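The values are calculated or read from the model by the stated rules, or taken from the named source; none is laboratory data. All values reported here derive from a predicted model rather than from experimental measurement. Glycine also receives a Cβ, built like all others from the backbone with ideal geometry; neighbour counts cover every protein chain displayed. Note: accessible area is taken over every heavy atom of the protein model, side chains too, but ligands, DNA and RNA are not part of it. Shrake-Rupley method; radii C 1.70, N 1.55, O 1.52, S 1.80 Å.
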Amino acid sequence: MKKLAPLALLFGLALSACGSAPGQLSGSRASVGLAVSDGGSFVTVTKTFTPATPEIPAVPPSGDNPGTPAVPAVPAKTTWTTGTPGYAEFTFTSRPGSDAVHITGYRIVRDVISTATGNYEDTSKTDINKLDIYVPSGWSCPERTSSQSCAMFTPTGGQRNDVVPAEGLPSSPYRLNLAGGLANLVIATNASVGRSTDIEFFGTSSSGQAVTVRADHIASEGVKTGDE
């Protein structure tokens, strides 16, 4: 693998960042699964080449022929049209018996850009990107919703008998644009390009413990179509 070259920097992700990452400790009472859908994480870039046309000289009037004016030459032209980029989608779900979790941020820990001239890897990213995702607990009860977990005790402090461990309700999906910035790289290389990304999400459980969840090898693509 090569380190990220100036060419790969053309894709220029716009990801806000601040702060620093917590440690890698996961809460012992929190167990969160992460479903990743990256099938739509691509952007299509279409190349259109219009050949040059030569100048057509004017034809002067002659007899019954009124003549025609000159037609100037038109240089060759290449245009690129970028489609709407798709997203990678992330959905968190607590496993049975898990505390609720508040996901507060993420960082990209590894990024590999694949082009026709080679692969370029960047493992130096430390930027922290803020999130606000609530992951309901892994308990079932009559009142639970995707934004409200089960209360474990009655108002008088007794243990509830209608709260049982169960797969948690999924969080609201989080969509991340990992493909959009690849369009400039497609244009620069005149070829399709790929991207493989490892992301670490982090947050805090309802009992105050640090939680980390990692998603590796998220695939994105810049797809070149049209003229050679």
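Scanning the range 60-93 for residues that are out of contact with any Pro (no Cβ under 6 Å at 6 or more places or on another chain) and open to solvent by less than 50 Å² (accessible area, probe 1.4 Å) yields a total of 6. For the range 112-119, check the following and say yes or no: at least one residue is modelled with pLDDT of 90 or more, out of contact with any Gly (no Cβ under 8 Å at 6 or more places or on another chain) and part of a loop (DSSP other than H, G, I, E, B). Within the range 112-119 (the criterion being modelled with pLDDT of 90 or more, out of contact with any Gly (no Cβ under 8 Å at 6 or more places or on another chain) and part of a loop (DSSP other than H, G, I, E, B)), the answer is no, since none of the residues qualifies. Residues that are among the aliphatic types (A, V, I, L, M) and part of a loop (DSSP other than H, G, I, E, B) were ranked within the range 34-63; the one that is farthest from residue 227 (Cα to Cα) is 58.
Selection over the range 187-218 of residues that are outside any strand (DSSP E or B), in contact with a strand residue (DSSP E or B) (Cβ under 8 Å, 6 or more places away or on another chain) and not polar (S, T, N, Q) gives a count of 2. Checking each residue in the range 197-222 for being farther than 24 Å from residue 135 by Cα and crowded, with 19+ Cβ neighbours inside 10 Å picks out 220, 221, 222. I need the full set of residues from the range 128-157 which are of a type in the set (Gly, Ala, Ser), under 21 Å from residue 202 (Cβ atoms) and open to solvent by less than 50 Å² (accessible area, probe 1.4 Å), in order please. Within the range 128-157, 137, 138, 149 meet the criteria. Which of the residues spanning the range 158-175 are over 41 Å from the mean Cα position of the chain (by Cα) and either closer than 17 Å to residue 96 by Cβ or open to solvent by 50 Å² or more (accessible area, probe 1.4 Å) (or both)? Selection gives 159, 160, 161. Cβ separations smaller than 6 Å between residues 6+ apart or across chains give the following pairs from the range 61-77 residues that are under 22 Å from residue 51 (Cβ atoms) to residues that are of a type in the set (Ser, Thr, Tyr) and open to solvent by less than 80 Å² (accessible area, probe 1.4 Å): 74/53; 77/50. Residue 125 falls short on exactly one of the conditions (1) modelled with pLDDT under 90; (2) among the charged types (D, E, K, R); (3) assigned to a strand (DSSP E or B); (4) open to solvent by 40 Å² or more (accessible area, probe 1.4 Å), and that condition is (3).
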